[in-house]
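The values are calculated or read from the model by the stated rules, or taken from the named source; none is laboratory data. Just so it is clear, the model here is predicted, and its values are computed rather than measured. Reconstructed Cβ throughout: ideal geometry from the backbone, glycine too, with neighbour counts over all protein chains shown. Accessible surface areas use protein heavy atoms only, side chains included; no ligands, DNA or RNA. Shrake-Rupley method; radii C 1.70, N 1.55, O 1.52, S 1.80 Å.
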Amino acid sequence: MPTVLIIAEQQPDGSLRKATLNAIGAGKQLAEKAGGELHIALVGKDPAKVADELKGTGAKAVHVGAAPELEHYLAETYAPALAALVQELKADYVGMASTAQGKDLMPRLAARLRAAMATDVMAFNGGGADITFTRPMWAGNVFAEVKLTTPVKVFTLRATEFTAAAGGGSAEVKTFTPKVEASKTKFVDFKEVKSARPELTEARVVVSGGRGTKGDFKEIEALADDLGAAVGASRAVCDAGWVPNDLQVGQTGKVVAPALYIAAGISGAIQHLAGMKSSKTIVAINKDPEAPIFQVADYGIVADLFKVLPELRAELGKLK
Amino acid sequence: MKILVTAKRVEDPESKIKVKPDGSGIVQEGLKYKINPFDEIGVEEGLRLVAKHQGEVVVVSIGGKEVQEQLRHALAMGAHRAVWVNHTGPLDQLAIAGLLQKVVEKEKPDLVILGKQSIDDDQNQVGQYLAEFLGWGQATFASKVESAESEQEKNKVPALVVSADGKSVRVIREVDNGLATVECQLPAVVTTDLRLNQPRYASLPGIMKAKSKPIEELTPAKLAVDVTPAIQVLKMSAPPARKAGIKVADVPALVEKLHNEAKVV
């Protein structure tokens, strides 16, 4: 029976990275299609608490490996620890969310397993032994269906394309002793960019500003706070130094797919569209009626964002 | 120090990519080609490090004869020499990393810099595969805190710093929610993120000089690497088009739609 192994991620503060739940949701889907079972792996210095959270996500087992050497995430130490587990479980599919950590770790793990890998998988096709993956190329302008022919198949998952796993069964938690190898890389430090708002890739609503804001994000932020939304920005705005880079939505920034995406003063360059066109509902606010953003927006308003956003806040307030 | 940098040939990121009607690939006619933008940043970073620490920048590209264009571009920027692995046909990351591993073993660089991903297949894998194959440390997504165009650039900490004894490199990496700093023993593999630097333009004298710089030709057979792909691209398609949207007259109409039609507020 095929085994699907999903690797869970801990935040630097030790909590569970939410995208893991989407990856587990994807793993469940894959296990059903392949006719196999789902397992979860978690390694770190002290992963026991997070393992508890993962028990009720519908997996057969949660494999937890603790070692002091795994305190700070490094591909060089995590890859051997996980590769040994993959071999022990004889896992056929190994996946993780396409976070920065997923993208750093999984190719190294795949290389160790001499496995082929697919990045940013959006869907699984086929069934049984004949599973293929759908993944984006050319900044989301092409969807490709790919087949991996190595015995072990490795992938990262675009979290926003899969529903988060929730409540289902009570998995057995099994501990294992991770294989520890010396590392030529050492962790120096991590500087967190703190925000009270939800993380871009995990938010239900995103309010983004572009060049039209002229660097004044007050109205964007106020609307975001009313809606409990994340704040995003176009590349031009980040490059101009008006807002931090980690707010950038686009091919070279973050890929988001919230239920509602509000683009204010954003023209809709290919680069930006690649990062947000999978959003369920898109609203565009722009003075220029010819702006390309209107071609992907479900609802558009041709007007100045500084006039529209306060009105929008007032109107939304009436709904409450 | 010796720095090896990759220079993949890719479609110009500004071009409009269209899928062939039969889904077998993309329409090639009318496309322009460039060095992968992330690799170009790698060449720039290599040149800056060599300016500081002496040594040479060697660029490598894998592909048919046409990839010599990208190698010449890197040479015109200031790279010292080039290695061309002559191969036509599809390659996957196992094969590419395998070929690069052999080139590295031959060249013995202190540092290998690759773009974090190429903008055609967007896989973001080869640097990590290569580091594992070589048993070296890796630092992916090397980046700077502020944007390339910002005023602060001149004053800030460089993202790649080679230690005084030349034995390690300290790298600032752009990750989710913040910036991670790691230190790798040399030799190591570093992959570049977009905001690491602003690549220089190739000057006219640079372009003239590049014509006489050497390009060494290798092949998978010479490097003894089996390049049979383990990844098959079965079909390509255009993403589902979004339904044409509507323009609403005013804010109350927008809120009505969002509330009653889209049901998102």
The stretch A:168-180, residues that are surrounded by 14 or more Cβ atoms within 10 Å (Cβ to Cβ) and assigned to a loop (DSSP other than H, G, I, E, B): A:Ala171, A:Pro178, A:Lys179, A:Val180
A:Ala51, sole failed condition from (1) among the small types (Gly, Ala, Ser); (2) at pLDDT 95 or above; (3) open to solvent by less than 10 Å² (accessible area, probe 1.4 Å): (2)
Residues of the stretch B:33-51 satisfying the condition of being farther than 15 Å from B:Val190 by Cβ, away from every other protein chain (no Cβ under 13 Å) and at pLDDT below 95: B:Ala51
Per-region count, the stretch A:83-105, residues assigned to a helix (DSSP H, G or I) and touching a residue at least 40 places away in the same chain (Cβ under 8 Å): 10
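Does A:Gly126 satisfy being farther than 25 Å from B:Asp226 by Cα and assigned to a strand (DSSP E or B)?
Criteria met by A:Gly126.
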Matching entry among A:Ala196, A:Ala203 (being touching a Pro at 6+ places or on another chain (Cβ under 7 Å) and either more than 25 Å from A:Lys45 (Cα to Cα) or open to solvent by 50 Å² or more (accessible area, probe 1.4 Å) (or both)): A:Ala203
Residue selected from the stretch A:182-193 under the condition charged (D, E, K, R) and modelled with pLDDT of 95 or more, by the criterion most open to solvent (accessible area, probe 1.4 Å): A:Lys186
Subset of the stretch A:266-276 (residues that are at pLDDT 95 or above and open to solvent by 10 Å² or more (accessible area, probe 1.4 Å)): A:Ser267
Residues that are of a type outside the set (S, T, N, Q), under 13 Å from A:Tyr261 (Cβ atoms) and open to solvent by less than 30 Å² (accessible area, probe 1.4 Å), drawn from the stretch A:221-251: A:Leu223, A:Ala224, A:Ala229, A:Ala230, A:Val231, A:Gly232, A:Ala233, A:Val249, A:Gly250
Pairs, first within 14 Å of chain B (Cβ to nearest Cβ) in the stretch A:165-193, second open to solvent by 60 Å² or more (accessible area, probe 1.4 Å) and of a type in the set (Val, Ile, Thr), C-beta under 9 Å, six or more apart: A:Lys191/B:Val145
Test for A:Ser279: is it within 29 Å of B:Arg195 (Cα to Cα), more than 7 Å from chain B (Cβ to nearest Cβ) and open to solvent by 10 Å² or more (accessible area, probe 1.4 Å): no
Leading residue by the ranking (nearest to the other protein chains (Cβ to nearest Cβ)) among those in the stretch B:131-146 that are modelled with pLDDT of 95 or more and assigned to a loop (DSSP other than H, G, I, E, B): B:Trp136
Residue within the stretch A:209-220 that is among the aromatic types (Phe, Trp, Tyr), within 9 Å of chain B (Cβ to nearest Cβ) and open to solvent by less than 70 Å² (accessible area, probe 1.4 Å) present: no
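Rundown of residues vs (1) open to solvent by 30 Å² or more (accessible area, probe 1.4 Å); (2) within 30 Å of A:Thr281 (Cβ to Cβ), yes/no style:
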position	(1), (2)
B:Thr192	no, no
B:Pro199	yes, no
B:Pro205	yes, no
B:Ala210	no, no
B:Lys213	yes, no
B:Leu234	yes, no
B:Ala241	yes, yes
B:Ala244	yes, yes
B:Val251	no, yes
Within the stretch B:97-130, tally of residues that are part of a strand (DSSP E or B) and of a type in the set (Val, Ile, Thr): 2
In the stretch A:294-310, the residues that are buried (at least 24 other Cβ atoms within 10 Å of the Cβ) and either more than 10 Å from chain B (Cβ to nearest Cβ) or assigned to a strand (DSSP E or B) (or both): A:Ile301, A:Leu305
